[in-house]
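The values are calculated or read from the model by the stated rules, or taken from the named source; none is laboratory data. The structure displayed is predicted, hence computed values, not measured ones. Cβ placement follows ideal geometry from the backbone for every residue including glycine, while neighbour counts extend to all protein chains displayed. Just so you know, the surface numbers come from the protein's heavy atoms only, side chains and all, with ligands and any DNA or RNA stripped out. Shrake-Rupley method; radii C 1.70, N 1.55, O 1.52, S 1.80 Å.
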Amino acid sequence: MTRKPNRPTKPRVDLVSRDYTIHLSKRVHRCTFKKKAPKAVKAVRLFAQDKMGTKDVRIDAKLNKYLWHKGIKGVPTRVRVRLSRKRNEDEEADEKLYTLAQLVEVDSFKGLVTEVVENV
């Protein structure tokens with residue numbers, strides 16, 4: 001049997017927001033202490049690119065602050081993020097859509113699943 005080549009994914013035209021839980025521990029495992037927080041930010045960016053199909057990912061200031069609040073070595077185990085696909089207002093932009101990653105504050109990560117959020 002031959003495998004089909006992976007086709008590049010096209011960004012979807014619909015504007016949607018979803019809540020995801022990202023397990024950061026497994027994404028920064030076996031990483032040098034002084035590179036954990038920067039790697040966690042890159043992992044969130046890569047996760048958003050994969051799930052939303054856009055290359056332009058913008059991380060909210062609150063999410064960035066949450067990833068860094070324990071310092072460069074103490075990355076949080078999990079983080080709940082809201083990924084929103086939005087239209088790009090800049091006319092010279094390469095892509096028509098971008099993804100905004102925002103922090104969703106929760107008490108516990110137990111039993112959380114991916115949820116579609118109505119745009120507010």
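Got a number for residues in segment 79-104 being surrounded by 13 or more Cβ atoms within 10 Å (Cβ to Cβ) and assigned to a strand (DSSP E or B)?
Residues meeting the conditions: 15.
Please identify the pairs in which a residue from segment 87-101 that is on the phi > 0 side of the Ramachandran plot has its Cβ atom under 8 Å from the Cβ atom of a residue that is assigned to a loop (DSSP other than H, G, I, E, B) and of a type outside the set (D, E), counting only partners at least 6 apart or on another chain.
none
Determine if segment 35-46 includes at least one residue that is open to solvent by 50 Å² or more (accessible area, probe 1.4 Å) and over 23 Å from N6 (Cβ atoms). Break it down stepwise before answering.
Step one: list which residues in segment 35-46 are open to solvent by 50 Å² or more (accessible area, probe 1.4 Å), which gives 35, 39, 42, 45-46.
Keeping just the survivors that are over 23 Å from N6 (Cβ atoms) gives 35, 39.
Within segment 35-46, one or more residues are open to solvent by 50 Å² or more (accessible area, probe 1.4 Å) and over 23 Å from N6 (Cβ atoms).
Restricting to segment 16-34, and then to whatever is assigned to a loop (DSSP other than H, G, I, E, B) and either of a type in the set (G, A, S) or open to solvent by less than 80 Å² (accessible area, probe 1.4 Å) (or both), can you tell me which residue is farthest from V117 (Cα to Cα)?
From segment 16-34, those assigned to a loop (DSSP other than H, G, I, E, B) are 16, 28-32; that's our starting set.
Now restrict to residues that are either of a type in the set (G, A, S) or open to solvent by less than 80 Å² (accessible area, probe 1.4 Å) (or both): 16, 28, 31.
On the way: V16: 8, V28: 28, C31: 33 Å.
Going through the qualifying residues, I end up with C31.
Kindly check whether there is at least one residue in segment 67-75 that is touching a strand residue (DSSP E or B) at 6+ places or on another chain (Cβ under 6 Å), under 16 Å from R27 (Cβ atoms) and modelled with pLDDT of 95 or more. Give the steps one after another, and end with the answer.
The first filter runs over segment 67-75 and keeps only residues touching a strand residue (DSSP E or B) at 6+ places or on another chain (Cβ under 6 Å), leaving none.
No: zero hits.
Answer yes if at least one residue in segment 34-56 is touching a His at 6+ places or on another chain (Cβ under 9 Å) and in contact (Cβ under 8 Å) with a residue 24 or more places away in the chain, and no otherwise.
So in segment 34-56, the residues touching a His at 6+ places or on another chain (Cβ under 9 Å) come out as none.
No, the conditions are met nowhere in segment 34-56.
If I go through segment 47-78 residue by residue, how many of them are part of a loop (DSSP other than H, G, I, E, B), small (G, A, S) and surrounded by 15 or more Cβ atoms within 10 Å (Cβ to Cβ)?
If we filter segment 47-78 for residues that are part of a loop (DSSP other than H, G, I, E, B), which is where we start, we get 53-56, 60, 69-77.
Those still in the list that are small (G, A, S) too: 53, 71, 74.
Those left that are additionally surrounded by 15 or more Cβ atoms within 10 Å (Cβ to Cβ): 53.
Of the residues in that region, 1 qualify.
State whether the residues of segment 41-48 include one that is farther than 27 Å from E95 by Cα and not β-branched (V, I, T). Show your work before the answer.
Just the residues of segment 41-48 that are farther than 27 Å from E95 by Cα, to begin with: none.
Looking for residues that are farther than 27 Å from E95 by Cα and not β-branched (V, I, T), one finds none in segment 41-48, hence no.
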